[in-house]
Each structure stands twice: as C-alpha cells, then as structure tokens.
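First the structure, in the form of structure tokens, and then the observations on it.
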Amino acid sequence: MINPDFDGKYIIVPIDFARKLFDREQMVSALEIKLKSDRSLDDFAAFASDKLGDSYAVKTQYQLNEIIYKTNQTEKWITVLILGFILLIAAFNIVGSLTMLIIDKKEDTQILRALGASNKSIFRIFLYEGLMINFLGVIIGVVLGVALCLIQQHYGLVRLDGGIVEFYPVKMQWQDFVAIFSMVFVIGLIASYFPSKLLISRSSQAG
C-alpha cells in the first residue's frame, strides 16, 4: 500500500515472472541507481543523460514522482503558513506583557529619567525584555520539537495504518531550524519594538 494512484495501477511481482509474462527475456525497461549520500542527484542525472544520449530517459526520484513530491512540498508550506499565523497571534501576548510591564514600571522609568537615563536607554530595556521572552519561547519550543521528532523516529508515536511504512516518517533538517528561528525572531522583534517605542514615547510625554 503506497497511495491510491499507485495501488490501483501497479503490481509488484518477481522479475522472472514478469519476463515470462511479457515475453521479455533478458530485457529490462528501467534501471534504478542508488547514489552515495554526498553525490548530487541532478549532477549525476545530467552526466548519465549526456553519456547515454537521447535513446534513454534519465530521471531523478523527484522527477519520476514529481506529483507526490510537489504535493508534499505544498503541504509543508501550508503547515508553515498556518503555524506562522498562530505564532503571529501568540505574539500579541508579548505585546500585552510589555504593555503591562511598562505601565507597572512607570514610576521606575520616571526615576531612571531623573537619574539621567534617556528614552533610548529605557526603550532598549523593554525591547531586550521582549526579545528575551521571545528567545526563551523559541528555545523551549525547539527543544520540545526535537524531543518529539526523536521519539517518533525511535519509538513511533504516530502510526500509519495500511501505509508502506509502519510509522509516520520524520526527518529533521537544519534549514527548517534556521527558517523557524528567523521567522520567530522577526515576529518577536516587531512585537517588541513598536509597542515599546510607542509606550515609552507616550510615558515620556505624560511625564
């Protein structure tokens, strides 16, 4: 069982049986090559296609199953957009926390101004506070995410009934970690910068 498109279209049988059935003794219709992990699929496909000529079709596993891989990529980006939207909503918690903190520390900010602190210095205090909240959240989230992925890889929390593999496959890539950190940092910076700037400016005018 792979998916409905393949399950109703193909049957896997021993090669000797297939040769006798189709009267194709000593013949093959396709050859699959597994490369070492450090070899590029596209580079090897171009090399093989150049050597074999136009008589043979050379395709990578992504080109051979293009629809499946494109569907998986689309699902991945939709998931990222949904989680990004959830993260954007969660960023309002940072805005609310900073707002309450600045209001609560209004008298302290007045004391800091009396001691010679500039609005810029006070702004940086609350900005760094928001970034620290944001950074702590992403660290905890990444640690929990990695732990769940490792548990899935080794023990299989999520099963696939009737699939080609028993458990839902999970693979961690460093590009995904970079994308997560970048997205969280940008949203956290925006959620910390503008509220802090606005509230410090208003408290300064009020003082």
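The values are calculated or read from the model by the stated rules, or taken from the named source; none is laboratory data. None of these values were measured; they are calculated from a predicted model. All Cβ positions, glycine included, derive from the backbone under ideal geometry; neighbour counts span all protein chains shown.
Residues of the range 169-179 include none that is of a type outside the set (D, E), touching a residue at least 40 places away in the same chain (Cβ under 8 Å) and loosely packed, with under 11 Cβ neighbours inside 10 Å.
Within the range 49-62, the only residue that satisfies the criterion of being within 27 Å of R19 (Cβ to Cβ), in contact (Cβ under 8 Å) with a residue 12 or more places away in the chain and in a helix (DSSP H, G or I) is Q61.
V186: modelled with pLDDT of 85 or more and closer than 20 Å to W77 by Cβ, yes or no? Considered against the rule, which asks whether it is modelled with pLDDT of 85 or more and closer than 20 Å to W77 by Cβ, V186 comes out as yes. Only residues that are loosely packed, with under 14 Cβ neighbours inside 10 Å and either at positive phi or assigned to a loop (DSSP other than H, G, I, E, B) (or both) were counted in the range 145-168, giving 11. In the condition set (1) more than 20 Å from the chain's Cα centre (by Cα); (2) surrounded by 13 or more Cβ atoms within 10 Å (Cβ to Cβ); (3) of a type in the set (A, V, I, L, M, F, W, C), V142 is compliant with all but (1).
In the range 33-41, is there at least one residue being free of Cβ contacts under 8 Å to residues at least 12 places away in the same chain, surrounded by 11 or more Cβ atoms within 10 Å (Cβ to Cβ) and farther than 19 Å from Q63 by Cα? The answer is no; no qualifying residue exists.
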